[in-house]
Every structure is written in structure tokens, then in C-alpha cells.
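No value in this document is a laboratory result; all are computed from the given coordinates. Only a predicted model underlies this, so the values are computations on that prediction, with no experimental measurement involved. Cβ sites come from the backbone with ideal geometry, for glycine too, and all protein chains shown count toward neighbours.
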């Protein structure tokens, strides 16, 4: 993917740049907000990674201006530790996701993948499918190998999120934010507990589809 | 107290303004009195002399000059308060008790100021008000009265006015000073206290008089503000020393571990990776503590209050109960909930979410398997109450208040994960929402109640 990273901290920029290159993304780094806005608007990018605090023009205004000009490139905000208002203001300005610094690179990579492959227009998908697991979003039911699987509302949302990102790594934090609306780190293993319940329900009639990526998260995919 | 300060007080200036307005109205009133009194007296004199002139003319038996001379002289000798003059057209005096004058017709005032007033006039030389006329043969006839009374009245009115003006101004100044002095003293006391506080005497407060007047109100508001600032500052001071203290141990351990890793060299890659993983974990937990501290500080600053909106507490609590039921069951605990539907509060959804998540997590992680955790949301007489109770070991009464302090951890829970900030954060969120949070004995176990005011 072609990624524009707008980050003024040299070390963070190098760290992210290095990691993204290794993952095979073409990345450009800009350190100034105004120049970042110019580059973001004048070229085609798959993803913009924007720091909140930038010289020249802050990240919020940058994204706000971009959105005002009709640029719909997905934006991942990087925000400083402890800013509890940052998430909401970032999303309000037109950001698609946010990540609190410092972060593990695997977390950033997972989010970049999720954003990059997100369909540009919300596709009117009504059935999600992974191997013999089928989810009907309209009827709100799940079938494994043709057999109905009864899920609780939260389990349904969890499975839906995994299936929408089938084949991708979905981190624990992504699940907490999107399935539980938890914007803080709980001290108990909520995700693990619910995943294990979900597994026991959908694996009754087939092989394991939800794979644990050690230390990173989960991924749902058809067996090779 | 220096006098110039007094003149600069607003109440004194106000008094001066009132004194000015009062003096002006006095001036107007006096003008009206003066004008009407003097006017009345003048008209009386004018009427009297005019009548005397007519009476005198009608007293003559024929139109001869000699007859008029006789009558004028007779009148002049008979009524000493009047003054008469008859002179021919050349200005020679013919009769009366006045020296000759320039013949002017109608109402006139004569006066002989200077060194040699004509003899026999006395006081009247200063002013005679009268009426002059020319009769048929061309002679000039004048009848007048001394206007000494008029002048006396004028002088006395002037004096009365002057004295009352002086008295008014003096009284206004004294009154203004008296009125301003009290407030000025109170304001001085307040600014003295502020200066003391600025100079570092942070415990200083403004004394109240106890009269409940506006200055007492102001002083008590200021004192309350100072209390709040001091509490925040103490909190901050406590917080920074707590943070420093709490982070010293993990940072020391981290340093030791990194040093060991360095001495390991590159031969033992597996061990090296394990050390790195553990170090990253340590750093994450330190960052976690920092994040929580910053979050608490932000919550305590109260700025989130501006973003309050209506939150469906029932839905929020029910959602959390559902979320944590799976976690509790995995630990061999049972989680039951009894949530009255449709109970709203004004608040910050995200923070309330974290508040109740923290409380439920505390119950789950500090209690052993086999216990029951009960979550209850109901509307009581005092507002909306959320109760989270467990049948675990509970908290000894002596420790119940302390657990809300930052980094405070019971000896029994040192081993379990957490940074000792969960309940501090819960308390900060509750306070932001004006909710009370209390711990009670569930016998056995602990019951935490968060009560939102109605």
C-alpha cells in the first residue's frame, strides 16, 4: 500500500517507516503539517497516518481541511498518552481510527491493514462467509455447515467484526474498541473469555476457524 | 489607612456624586425662593409708591405749581419713610426731600454711592426705589421708598444659602467617608489576605464578620475557591510523589534486567528474547500507570463536564454485566444482574463505562472462585443507585476509605495485577458526576454503591 506518514518526531517516524517498509508498504514521511496537507491532497494515497501535534498545522485541522476538500483517504491518528478527549475530537474531525502513543508496531500494522482494505463505500454486504461459516446480517443468524449457531448479541458483534476483517490480524485492542466500546485497557481478559465461548459455539460443527496470533490478536480464516 | 485610598473608593465617589446632585437641587430650590421672595417684595414696594404718587397728585386743590409744591412738602414732612422730589424741566429742585436727579420716567432705582451721599438720606442713600412722572407743566415728580429691606432680605438669603451649601458639602463628605470606610476596610482585608497567600501562606483565609452581608458572601466564596485550589495542589503534590515512589521499583527492576541481558551476549537468543518480552511488559505497565495518572488528573480538572450528555445507565450497566459474566464464569464465579430498565443520568459515557468496569473488575479479580457477584441498578428515594456486591473476602473496615487513595493496595492483593489506581479513577469519575461512592460490608464480602443524586 502507499502510505503517507505525517509525523514530526524523527524517532517515531523512523520506527514506523522502517516497520511499514518491512511489511512491504511504500511509505513517505513528512514532518510539517502544511506540507503534509499539500502532499495528502495532491497525490493518491491508500492511508494517511497523522500525528495530532505537528508544526505548521496541527493534525486535527489538517484532516478537517482534507475532509472539507472532499479527500476521503482513510486516516489513522496518532495521539499522545492520556488525552481522553483526543479520540472523540479526532473522529469528529474525520479520522477513521486512532492509536495512542507509544504503541506496539504490530498494533499499528493491524490497523493499517484494517483501514487499507476497508471498502471505500460501505458495501451493502448482507452475508459474510468464511469457509463453511455463514453470517446473515439481515436475518441476524449464523450457520456453520448449514447448522444454526445461536449467539448472544455481543458474540454476534464479535464474530461479525472478525468476519468483516477475515484473513487479517485483529488485535485485542481493536476488538475492545469496536465490539465493546472500551476505550481503556481492562485488567481482566474480556476478549479471551468471549473468544473462547465463541469458539466453543462455532467449532461444534467444524474445524477451528479463529486463530490466535500469539501476543498480537486473532484472525479468522478458512483452513489452508 | 491612608486618606487618598478613601477618595478612590467607589462608595466615596458615589457619595460625592450624590452631594453634587443634592447641591445642584438646593441651588435650584434656592433660586426659586429667591426669585419669588425678592419679586414679591419689589412688587409690593412698586405698588405702594405708585399709590402714593396718585394720592399725592389727587390731593392738590388746583393745577398750579405752588399748590403741588405745598402738597409735596407737606407729604414729605408727614411721612418720613417716603421720599419725594419735584423739580422743573431745567432740573432745579422745587420741593421734597431729595436732591435733584436726571428725570427718568416710570419705575427707577436711585442710589448715591461714593464719598458724598446727600445729607439727610442716611441709609436710604444706598437705594431708593420709586416712580417718576412728568406732569402737565413739564415739571418732574418722583415718589420713592428706601429699598433697604429688600437689600437686607437679599443679603440674608445669600447667607442662608451659603451656609447650608457648606453644611451640605461637609455632611456629604463626612457621610461618604463613613459609608466608604467600612467596605474599604473589608476590601483591604481581602487584598491583604490575597497578598499573604501569594507570598506563600497558602493556608491563609479571609476572616468573616458573620453578618452574612455581601462581603461575607464574597469572602466565603473566595475561601471556598482557595480550599479547592489547595486541595487540588495537595493532590498534585501527593500525586507526583506517589508516582515517583510507585515507579521507582519497576524502573529499577527493568534496569537490572536490561543489564543482565547485556551481559548475556548474543549466544543465548531465546533467553534474550524472554528478557526483552518481560522488559516490554514492564514498560507497558509503567506507561499504563502514567496513562491512568494523567487520566485521573484530566478527570479531576473537571473539563469533561462540558461534554456531559444523557446516558442510558441501564443499557450501559446491563452491557457490562453481559461482558463480564463470561469473564467471571471462566474464573468459576457467578455474576448476576438486576437492572431496572430506562434509567438515565447526565454524564460522560466513556468515563461511566470505565467507572463501572473498574468496580466489576475489582470484584472479579479480588475474589476467589465460587463466589457470587451481584450487579444491581435501581431508582431509590435519593436518586439512581448502582450496587456491585460480592461474597468474597471483602475489605476490612479500617482500609475502606484508604482504598480510594492513589496507589493504595491491600497486602492481600499485591500479587494480583493492577496499579492501585482503579478505585482512585472510579472515585474521580464519581465526583465529576456529583455521585457518591461508598464501600460497605456485604457480610460476607464487599458492597460498593454508586449513588447519583436525583
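Observations on the structure shown:
- Two-site FRET efficiency, residue B:16 against residue B:434, from Cβ-Cβ distance with R₀ of 51 Å, rounded to 0.05: 0.60
- Cα pair distances of region B:199-240 binned at 10 Å [whole percent]: 28, 42, 23, 7, 0
- Order by protection proxy (mean Cβ within 10 Å, highest first), peptides B:262-270, B:73-81, B:343-351, B:89-97: B:343-351, B:89-97, B:73-81, B:262-270
- Fully extending the segment from residue B:232 to residue B:41 would add 60.7 nm, taking 0.36 nm per residue of separation and subtracting the current Cα-Cα distance.
- For chain A, adding -39500 (n - 2.57) for each run of n ≥ 4 DSSP H residues and dividing by the number of residues yields -11500 deg cm²/dmol at 222 nm.
- Using the Cα coordinates of region B:63-185, the gyration tensor eigenvalues translate into equivalent-ellipsoid semi-axes of 52, 13, 12 Å, sorted from longest to shortest.
- At R0 = 25 Å, FRET efficiency that the Cβ-Cβ distance of residue B:59 and residue B:89 yields, to 0.05: 0.65
- Size estimate for region A:20-101 follows the Kirkwood approach: the inverse of mean 1/r over distinct Cα pairs works out to 12.8 Å.
- Calculated over the protein assembly as shown: convex hull of Cα atoms, volume per residue (Å³): 362 Å³
- With respect to chain B, whose longest principal axis is taken over its alpha-carbon atoms, helix B:148-198 is tilted by about 10°.
- For the peptide B:319-325, the mean number of other protein chain Cβ atoms found within 10 angstrom of a residue's Cβ is 5.
- Cα-based equivalent ellipsoid, region A:1-65: semi-axes from gyration tensor eigenvalues, Å: 19, 14, 8
- Relative intensity, log₁₀ I(q)/I(0), of region B:121-165 from a Debye sum that treats every alpha carbon as a point, q = 0.19, 0.21 Å⁻¹: -0.69, -0.75
- Take each residue in A:179-186, count the other chain C-beta atoms within 10 Å of its C-beta, and the mean is 6.
- Shape metrics for region B:1-144, restricted to C-alpha atoms - Rg then Dmax, Å: 25.0, 87
- Within the listed set A:187, A:117, A:197, the Gaussian network model of chain A (springs between alpha-carbon atoms below 10 Å) gives the highest mean-square fluctuation for A:187.
- Between residue B:224 and residue B:25, the modelled labels are 3.9 nm apart [label points 7 Å from Cα along Cα→Cβ].
- FRET E, pair residue A:39, residue A:88, Förster distance 30 Å, beta-carbon r, rounded to 0.05: 0.65
- CD proxy at 222 nm, helix term only [per DSSP H run n ≥ 4: -39500 (n - 2.57); per residue of chain B; nearest 500]: -19500 deg cm²/dmol
- Crossing angle, helix B:269-300 versus chain B [Cα axis fit, 0-90 degrees, rounded to tens]: 30 degrees
- Region B:259-352: Rg to Rh, with Rh as the Kirkwood radius over Cα pairs: 1.22
- Residues listed by number, region B:186-205, amide nitrogen under 20 Å from residue B:241 label point at 7 Å toward C-beta: B:200-204
- Within region B:21-47, backbone nitrogen closer than 20 Å to the virtual label 7 Å beyond the Cα of residue B:109 toward Cβ: B:30-47
- Dividing the Cα radius of gyration of region B:314-399 by its Kirkwood radius returns 0.98 for Rg/Rh.
- Cα-based helix-to-principal-axis angle, B:313-330 vs chain B, degrees rounded to 10: 20 degrees
- Gyration tensor analysis over the Cα atoms of chain B returns equivalent ellipsoid semi-axes of 111, 26, 17 Å (largest first, whole Å).
- Overall form of region B:210-368 per C-alpha gyration tensor (a/c, 1.5; a/b vs b/c): oblate
- Cα centroid separation, region A:29-61 to region A:185-224 (Å): 37 Å
- Two-site label geometry, residue A:152 and residue B:301: point separation in nm, points 7 Å out along Cα→Cβ: 3.8 nm
- Averaged over B:326-332, number of beta-carbon atoms from partner chains that fall within 10 Å: 5
- Translational diffusion coefficient (Stokes-Einstein; Kirkwood radius from C-alpha pairs) of region B:293-337 at 20 °C, 1.002 mPa s, in µm²/s: 164 µm²/s
- Candidates A:159, A:137, A:91: whichever shows maximal mean-square fluctuation once chain A is modelled as a Gaussian network with Cα springs under 10 Å: A:137
- Interatomic Cα distance distribution for region B:343-445, bins of 10 angstrom, percent: 14, 48, 32, 6, 0
- With the cut-off at under 18 Å, measuring from each backbone N in region A:201-220 to a point 7 Å along the Cα-to-Cβ line of residue A:145 picks out A:201-211.
- Alpha-carbon centroids, region B:256-315 and region B:96-110: separation in whole Å: 116 Å
- Taken over region A:5-147, the alpha-carbon convex hull comes to 143 cubic angstrom per residue.
- Gain on full extension, evaluated as 0.36 nm per residue between residue B:378 and residue B:309 minus their Cα-Cα distance, stands at 22.8 nm.
- Point-to-point label distance, residue A:80-residue B:214, nm (Cα→Cβ direction, 7 Å offset): 4.3 nm
- Of A:142, A:207, A:16, the residue with the greatest mean-square motion in the GNM of chain A, using alpha carbon springs below 10 Å, is A:207.
- Residue-span extension gain [residue B:190 to residue B:158] - 0.36 nm each, minus C-alpha spacing: 6.8 nm
- For region A:115-224: rounded, prolate or oblate by the Cα gyration tensor [a/c cutoff 1.5]: rounded
- Cα centroid separation, region B:329-385 to region B:205-252 (Å): 32 Å
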